[in-house]
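One structure is given here, and the rest of the page talks about it.
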Amino acid sequence: MPVGLFRVCLLVITAIVNHPLLFPKENGTVPENTEEIIRKMKEREESLRLEQLRLEQEIADQEATQKGLEKAAVVVEESKEEKVRWDMWTALSMVIFLLIELWRQDFQEGNWQDIGGEEDDMAVLGKAFKGVAFPDKAVLASFYEKRILGTTGDMARMREMVEGFADDLLEALRSVCNRDADMEVEDCMGVGSMYENWRVRKPFVCDLIVPFAPPEPYCFRCQTWCSGDSFPPDEQGYGTIKVCRADEDATGCICDKTKLGEDMLCLLHSQVSSTRPSSEMEDLLCFKNTQYLDADQVMKWFQIAVTKAWNRISHKYEFDLSFSLLDSPGALKIKFKSGKSIAFNLTPVVQYENSDVYFISHFPRSSLAADIPSSTHWFLTFAVYERRFIQLVSKTLPANACHVSCLQILSFLHGKQCSLTGPSGLTNYHLKTVLLHLLQARPSQDWAPEKLEARLQDMLKFLEKCLHEKKLYHFFIGNGNVPAELGFPIIFQRAEPLNLFRPFVLRRDIYRKMVDTFHEMLRNMSALINEYTVHTPLAHTNGIRKE
């Protein structure tokens with residue numbers, strides 16, 4: 001601005017100095033062309049005025065620019081402060097969100113299968129119990145003593161007979177197999193209701209699992225749905241079994257995954273070992289053109305091997321042996337000359353790593369694995385750990401505890417109802433899972449023998465709640481409270497809980513049938529129990545109704 005004013009003053013001074021009237025000519029006479037001089041002076045004055053206006057405009061523009069820069073600096077400073085405030089709120093919101101998420105996970109971990117208090121259950125559940133005449137303690141005790149307790153001795157004798165014959169049959173199976181090419185069969189193990197002492201309905205069927213392994217130099221590499229790789233939701237609970245050489249890396253060499261060309265060889269593998277004939281993998285019971293163990297191939301191999309083994313030892317026994325179910329590899333039936341028969345299941349399984357979790361090829365008489373995704377997907381069974389958990393908990397319960405009695409009575413009622421109205425999606429395994437949850441949730445003294453009626457009602461109400469919510473979680477998968485004494489694999493404890501009722505969410509017809517069967521069982525409970533209880537009056541009980 002000072003420079004501009006100086007320029008204006010300089011122009012004014014110059015104009016005054018050059019004014020003709022101020023410094024006239026030497027003759028001192030006024031020019032004759034006065035009008036011309038005045039006109040030029042006015043033009044000069046006008047030009048100076050315009051120049052002054054231009055300079056003032058430049059000065060104003062400079063001031064406006066300066067103010068704009070100052071305002072912009074202020075805005076930038078304010079935006080920085082606001083950004084800092086926004087970043088602070090964003091960070092605070094993320095911290096709050098993380099705290100909520102951690103609390104939710106802890107809550108789910110602590111209540112992954114919400115048992116609920118007894119008072120809460122009474123408030124929100126038990127709607128199906130309205131109008132139902134529940135048997136009292138005396139009736140239940142009489143029913144259990146006369147109808148169920150007497151079967152224990154029969155089960156023990158049958159287990160002993162079946163186990164002895166199965167051991168002899170497997171020993172013969174090993175002798176007929178080629179030790180260098182066929183699968184290696186290990187000793188069998190008893191699992192299920194017969195070995196947990198709660199099976200009540202005849203015919204009694206023993207369930208035996210037979211672990212097997214590939215011949216040397218091969219081995220099994222097992223992969224489960226919770227091992228890290230993505231499995232679809234409908235494949236939860238399943239896994240795959242890859243047949244590999246013992247010296248082969250789990251991921252395999254790159255030469256198996258890329259085309260090297262005819263003139264290139266893998267430096268790690270010879271030409272013979274790099275290309276594995278498909279017939280060799282089929283001999284190892286793999287799915288066609290893959291290295292994955294095929295359950296259908298295992299079924300065919302096991303049936304043929306059992307047939308050869310029986311032909312070798314059949315002369316030692318005075319009975320016949322046959323396969324009772326075509327879709328189960330080891331569903332066998334012993335037929336005596338008297339007409340009596342004994343059924344048992346001998347099912348091949350694959351051990352998961354060094355644990356007692358097993359991949360099972362088929363579930364005889366069960367809908368647990370009814371919709372297997374493919375023959376290379378194997379269902380995991382935790383039957384050995386379930387048996388051990390019941391044995392472990394039983395040691396801490398009062399003498400003659402009622403936990404097994406509850407499961408036996410409920411299994412009997414369910415079986416009778418299914419014989420009247422037809423089978424439903426509800427299975428004895430679901431009933432057993434309910435008991436396992438309650439065994440972990442309730443204190444030991446609650447399972448005293450005199451509390452049979454209360455615990456039986458607890459099981460029914462818990463089952464009703466699960467049916468209503470369509471959620472019954474697997475006892476072991478996702479349960480972080482499994483006793484350490486069992487040595488249960490941590491990978492399954494950290495997995496997402498597995499909902500056993502998930503298949504019924506989309507199959508509404510089966511779900512409706514299951515709920516209807518449960519309600520009919522409740523309504524017919526007193527009549528069913530009184531029917532099998534001697535000297536128990538049938539008054540005040542409803543007749544058995546069918547759908």
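The values are calculated or read from the model by the stated rules, or taken from the named source; none is laboratory data. Predicted model only: the values in this text are computed from it and were never measured. Here Cβ is always computed from backbone atoms with ideal geometry, including for glycine, and neighbour counts include all displayed protein chains. Protein only, heavy atoms only, side chains kept; ligands, DNA and RNA dropped before computing areas. Shrake-Rupley method; radii C 1.70, N 1.55, O 1.52, S 1.80 Å.
For segment 413-449, what are the residues that are in a loop (DSSP other than H, G, I, E, B) and open to solvent by less than 30 Å² (accessible area, probe 1.4 Å)?
The answer is Gly422, Ser424, Gly425, Leu426, Thr427, Ala448.
Looking at Gly480 and the list (1) crowded, with 20+ Cβ neighbours inside 10 Å; (2) in a loop (DSSP other than H, G, I, E, B), which single condition is not satisfied?
(1) is the only condition that Gly480 fails.
What number of residues within segment 315-340 are surrounded by 14 or more Cβ atoms within 10 Å (Cβ to Cβ) and of a type outside the set (Phe, Trp, Tyr)?
Residues that pass the stated criteria total 11.
Can you tell me how many residues in segment 131-183 are open to solvent by 20 Å² or more (accessible area, probe 1.4 Å) and either among the hydroxyl-bearing types (Ser, Thr, Tyr) or within 15 Å of Ile342 (Cα to Cα) (or both)?
13
Got a sec? Which of Phe287, Phe344 is under 29 Å from Lys202 (Cα atoms) and either at pLDDT below 85 or not acidic (Asp, Glu) (or both)?
Being under 29 Å from Lys202 (Cα atoms) and either at pLDDT below 85 or not acidic (Asp, Glu) (or both) holds for just one of Phe287, Phe344, which is Phe344.
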